[in-house]
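The values are calculated or read from the model by the stated rules, or taken from the named source; none is laboratory data. All figures in this text were calculated on a predicted structure; none of them were measured in a lab. Here the Cβ is made from the backbone with ideal geometry for all residues, glycine too, and neighbour counts use every protein chain on show.
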């Protein structure tokens with residue numbers, strides 16, 4: 001029985017480590033804007049922000065023609081201008097609202113490196129299976145951890161029992 005659990009733990013560790021490594025590496029590189037985005041992070045010029053956040057969300061709804069499930073609204077500098085970036089849902093395109101003029105546009109397609117890291121980090125490649133895949137890998141990681149705990153308990157308590 002112990003050999004079977006050891007083999008299961010070994011194979012689960014190998015199987016689960018690949019997506020965990022991809023997730024960790026892409027998250028690390030994605031957190032460095034100069035590495036992935038290819039541009040610098042600018043300080044927001046507050047004097048140029050004329051549009052309120054609530055108005056930015058309304059303008060994003062207006063561009064879409066419906067109420068969007070906005071989950072984040074970020075104020076950022078892009079090409080030397082302040083923009084609100086409205087994001088909604090997992091994998092949904094974002095909308096940029098010019099914080100000075102109120103102009104609205106769909107966020108331009110990111111560069112290849114950025115798309116790759118987003119696909120790897122957020123599992124966008126899985127489409128409608130995204131959440132299911134994340135849950136499966138989480139459960140497999142939990143099973144790997146539990147088999148490791150079991151094997152450690154057997155090793156440590158087994159050695160104490162043999163010594164006495």
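Quick check on residue 52: is it modelled with pLDDT of 85 or more and loosely packed, with under 15 Cβ neighbours inside 10 Å? Walk me through how you get there before you give the answer.
Details: modelled with pLDDT of 85 or more: yes; loosely packed, with under 15 Cβ neighbours inside 10 Å: yes.
Yes, satisfied.
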Out of (1) exposed (fewer than 14 other Cβ atoms within 10 Å of the Cβ); (2) at pLDDT 90 or above; (3) in a loop (DSSP other than H, G, I, E, B), the one residue 102 does not meet is (1)
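Of the residues that make up the range 123-136, is at least one closer than 30 Å to residue 2 by Cβ, under 19 Å from the mean Cα position of the chain (by Cα) and either modelled with pLDDT of 85 or more or part of a strand (DSSP E or B) (or both)?
First, the residues of the range 123-136 that are closer than 30 Å to residue 2 by Cβ: 135-136.
Filter once more, so that each one left must be under 19 Å from the mean Cα position of the chain (by Cα): 135-136.
With the extra rule that they be either modelled with pLDDT of 85 or more or part of a strand (DSSP E or B) (or both), the set shrinks to 135-136.
Yes.
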Residue 114: touching a residue at least 60 places away in the same chain (Cβ under 8 Å) and either under 30 Å from residue 18 (Cα atoms) or assigned to a strand (DSSP E or B) (or both), yes or no?
yes
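Yes or no, residue by residue, for (1) modelled with pLDDT of 80 or more; (2) within 18 Å of the chain's Cα centre (by Cα); (3) assigned to a loop (DSSP other than H, G, I, E, B); (4) surrounded by fewer than 15 Cβ atoms within 10 Å (Cβ to Cβ):
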| position | (1), (2), (3), (4) |
| --- | --- |
| 11 | yes, no, no, yes |
| 14 | yes, no, no, yes |
| 22 | yes, yes, no, no |
| 25 | yes, yes, no, yes |
| 29 | no, yes, no, no |
| 43 | yes, no, yes, yes |
Those residues of the range 62-73 which are surrounded by 13 or more Cβ atoms within 10 Å (Cβ to Cβ) and either in a strand (DSSP E or B) or out of contact with any strand residue (DSSP E or B) (no Cβ under 9 Å at 6 or more places or on another chain) (or both) amount to 73
